[in-house]
Amino acid sequence: MNPRLNQLQPYPFQKLRELFAGVTPNPELAPVNLSIGEPKHPTPAFIREALTANLSGLANYPITQGSDALRGAIAAWCDRRYGVSLDPATQILPVNGSREALFAFAQAAIDPSKHVKRVLSPNPFYQIYEGAALLAGAKPYFLNTLPDNGYRCDFATVPEDLWETVQLVYVCSPGNPTGKVMDLEEWRTLFALADRHGFVIASDECYSEIYFEEGQAPLGALTAAKQLGRDFARLVVFNSLSKRSNVPGLRSGFVAGDAEAIKQFLLYRTYHGSAMNPAIQATSTVAWQDEEHVIENRRQYREKFATVMPMLKDALEFDAPDAAFYLWAKVPGGDDAAFARELYREKHVTVLPGSFLAREAGGVNPGRGFVRIALVDGLEPCIEAAQRIVDFVNR
């Protein structure tokens with residue numbers, strides 16, 4: 001077996017299961033799970049109907065590039081959302097959810113002939129970035145995002161000689177777990193570094209459609225590139241229907257941007273066997289064409305944040321996120337794992353210890369002392385969980 005597999009760390013939710021091993025939660029309380037970023041709002045009826053109406057497509061082998069209809073729908077959505085004109089034939093590639101694409105892209109992008117190969121990632125981070133780097137034969141370099149730097153990636157702290165070894169930079173905006181959105185100046189800095197050193201930017205934007213004020217959508221990488229008067233060279237953006245349309249089980253997303261990078265990624269995927277199910281393609285086409293269900297989805301998240309944050313403000317320390325559906329909260333006492341374990345034991349509420357989402361870098365684990373609270377359940381369960389957290393902290 002590939003010895004690089006031995007470098008992979010347990011996934012955060014495996015660590016959580018180990019943390020809870022032997023713990024019996026309060027049987028008098030119904031469980032509320034706010035640990036995993038899995039949307040629990042109902043899948044819109046028209047998406048379910050589109051899926052069942054297109055099952056005849058199961059009789060056909062799909063092409064890896066995806067249908068013209070799907071790529072056209074994604075291009076039209078990018079035009080509406082980001083104000084950019086993309087060629088559906090060369091600058092868009094449907095994928096089976098952003099997770100598998102974020103992993104696979106590193107396998108295609110990393111040049112194995114280089115003696116030293118680096119992949120930059122925010123820290124805390126989505127663990128796929130680390131696993132993708134390691135299995136591609138690269139070494140991760142983590143940029144800590146902390147309260148004192150506004151939860152931003154400070155690219156100026158990266159040593160100049162290290163930039164020469166960087167082949168791929170993962171960014172996540174809105175960020176997981178902090179909800180921080182990169183601004184135009186951050187993009188300007190990162191684009192300039194990519195131009196100077198020749199690395200590729202992989203922008204994970206799967207939370208881009210969960211924000212709190214209609215008409216104030218988070219800045220995306222494609223829009224930033226356009227505003228800065230540049231093309232999409234060395235930029236690849238990943239997005240998904242999972243959070244936007246409450247269909248995490250559909251496994252449907254896209255990659256967009258640099259035509260040459262996408263051409264090579266398509267070649268890789270042709271051999272990798274990553275073609276999207278034809279019924280999923282037809283369903284995804286319909287989902288990308290509709291915005292009403294997305295607006296309603298945002299309304300529900302907006303209501304939950306407006307209700308829950310005031311309840312928690314005196315119990316936990318946190319900043320309101322720019323976007324996404326997480327609260328990144330500092331816990332009393334500073335022991336995030338103990339806080340999560342005892343909250344589960346006493347209040348049957350599950351949150352994710354922040355240290356499980358980060359690695360020690362520069363002598364610091366930037367997730368230590370924090371928990372990630374995913375407000376993905378309905379309003380009433382989120383209110384109930386918030387009250388239990390307040391009671392737990394006050395006790």
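Summary table
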{"item": "Mean projected area (nm²) of the alpha-carbon convex hull when the range 59-290 is viewed from all directions", "result": "12.3 nm²"}
{"item": "Charge dipole (debye, nearest 20) of the range 288-382; +1 at Cβ of Lys and Arg, -1 at Cβ of Asp and Glu", "result": "320 debye"}
{"item": "Long-range HN-HN contacts of residue 151 with modeled amide H, under 5 Å", "result": "146"}
{"item": "Phi to ³J(HN,Hα) by Karplus 6.51 cos²θ - 1.76 cosθ + 1.60 over the range 62-79, Hz, x for Gly, Pro", "result": "x, 8, 4, 5, x, 6, 4, 5, 5, 5, x, 5, 5, 4, 5, 5, 5, 5"}
{"item": "Charge dipole (the chain, unit charges on Cβ, about Cα centre) - positive-most of 284, 21, 327", "result": "21"}
{"item": "Cleavage-rule hits, trypsin sites (Lys or Arg not before Pro), the range 85-170, DSSP coil, Cβ neighbours within 10 Å at most 14", "result": "114"}
{"item": "The chain - mean residue ellipticity at 222 nm from DSSP helices (-39,500 (n - 2.57) per run, n ≥ 4, rounded to 500)", "result": "-12000 deg cm²/dmol"}
{"item": "Unit charges at the beta carbon, dipole of the chain: most positive-side option, 295, 82, 173", "result": "173"}
{"item": "Neighbourhood charge, 13 Å Cβ-Cβ cut-off, centred on residue 283 and excluding it, Lys, Arg +1 and Asp, Glu -1", "result": "0"}
{"item": "Neighbourhood net charge (13 Å Cβ-Cβ; Lys/Arg +1, Asp/Glu -1) for residue 44", "result": "-3"}
{"item": "Relative exposure of 243, 226, judged by other C-beta atoms within 10 Å (fewest first)", "result": "226, 243"}
{"item": "Total charge dipole magnitude, the chain, about the Cα centre, Cβ charges on Lys, Arg, Asp, Glu only, Debye to nearest 20", "result": "780 debye"}
{"item": "Using alpha carbons only: equivalent-ellipsoid semi-axes of the range 219-312, gyration tensor based, whole Å", "result": "30, 21, 12"}
{"item": "Orientation-averaged projected area, Cα convex hull of the range 317-395 (nm²)", "result": "5.6 nm²"}
{"item": "At most 16 other Cβ within 10 Å, DSSP loop - trypsin sites (Lys or Arg not before Pro), the range 7-74", "result": "40"}
{"item": "Which of 207, 61, 126 has the fewest Cβ neighbours within 10 Å, and the rest in rising order", "result": "61, 126, 207"}
{"item": "Within the chain, longest stretch clear of exposed GluC sites (Glu not before Pro) (DSSP loop, no more than 14 other Cβ within 10 Å)", "result": "29-163"}
{"item": "Per principal axis, descending, Cα span of the chain in whole Å", "result": "59, 55, 46"}
{"item": "Links that overshoot a 26 Å alpha carbon limit, given the list 15/263; 114/243; 304/330", "result": "15/263; 114/243"}
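Read the figures in this text as sums done on the coordinates, not as results from a lab. Model, not experiment: these values are computed from the prediction. Cβ: placed from backbone, ideal geometry, glycine included. Neighbour counts: every protein chain shown.
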